[in-house]
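Below you'll find the structure, written out as structure tokens, and then a few comments.
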Amino acid sequence: MKVEGIQDNYLGCEILKDSKGFSIGQERIVNDLKNRFEKILLGREFKTPSPNGYTVQRPNLETDSLIGENLQEKFRSGVGSFLYLVKHSRPDIANSVQELSKVMDGALEEHWKKLFRCVKYVELTKKIKLKIHPRNHTKWKIKVFSDSDYCGDKETCRSVSGYVIFV
């Protein structure tokens, strides 16, 4: 182990220090996503990564027409980049990415379009960062929020839950 001084980039995360604390973003990865999908991005702007209540149904392999293998490879690559964004700096796209990841092995044209919507949303909001601003003058407080849906996945009838903890 060695001390390197102040880091401004770690595993694809840009780390900015200011007088209040730190902020973490991944603008380089968002720009890479934009460059990979630029020729086919929709012209519209979106305020959310997916429509309200959007859920993905797995395709019926006997009757549904899947996208070609070349597009399927690009779909998997895009979802993989989104998973990396969610893990480090973009919890706002977590539900959309969860839904898209259900069809990594067999996406339809509908899923392909939702991937573009998510790429466009992330590209338009690439300046959003996680802020870590500790308050030294107050005692630490813990706030926990949780939510779940009852049988939200129509295919498996499983419930999905989530939580966030603020310190």
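The values are calculated or read from the model by the stated rules, or taken from the named source; none is laboratory data. Model, not experiment: these values are computed from the prediction. Here the Cβ is made from the backbone with ideal geometry for all residues, glycine too, and neighbour counts use every protein chain on show.
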Output the number of residues of region 144-167 satisfying the condition of being among the polar types (S, T, N, Q) and modelled with pLDDT under 80. 1
The condition from (1) of a type in the set (Ser, Thr, Tyr); (2) more than 20 Å from Glu110 (Cβ to Cβ); (3) outside any strand (DSSP E or B) that Ser23 misses is numbered (3)
Residue set Lys17, Lys47; condition under 14 Å from Cys118 (Cα atoms), at pLDDT 80 or above and exposed (fewer than 14 other Cβ atoms within 10 Å of the Cβ); output residue Lys47
With the condition kept exactly as written, say whether any residue in region 45-62 is without any contact (Cβ under 8 Å) to a residue 12 or more places away in the chain, in a loop (DSSP other than H, G, I, E, B), under 28 Å from Gly152 (Cβ atoms) and charged (D, E, K, R). yes
By residue number, the members of region 63-77 that are surrounded by 10 or more Cβ atoms within 10 Å (Cβ to Cβ) and without any contact (Cβ under 8 Å) to a residue 12 or more places away in the chain are Glu73
Give all pairs with beta carbons closer than 9 Å in which a residue from region 148-167 that is over 13 Å from Lys102 (Cα atoms) meets a residue that is modelled with pLDDT under 80 and of a type in the set (Phe, Trp, Tyr); count only pairs at least 6 apart in sequence or on separate chains. Ser159/Tyr150; Val167/Trp140
crowded, with 17+ Cβ neighbours inside 10 Å and either within 30 Å of Cys151 (Cβ to Cβ) or more than 17 Å from the chain's Cα centre (by Cα) (or both): does that describe Arg90? yes
Return yes when Val30 is modelled with pLDDT of 85 or more and surrounded by 12 or more Cβ atoms within 10 Å (Cβ to Cβ) and no when it is not. yes
Long-range neighbours under 6 Å by Cβ, at least six apart or interchain, first residue free of Cβ contacts under 8 Å to residues at least 24 places away in the same chain within region 6-34, second aliphatic (A, V, I, L, M) and outside any loop (DSSP other than H, G, I, E, B): Gln7/Ile15; Asp8/Ile15; Ile15/Ile24
For Leu33, the lone unmet condition from (1) assigned to a loop (DSSP other than H, G, I, E, B); (2) within 19 Å of Leu124 (Cα to Cα) is (1)
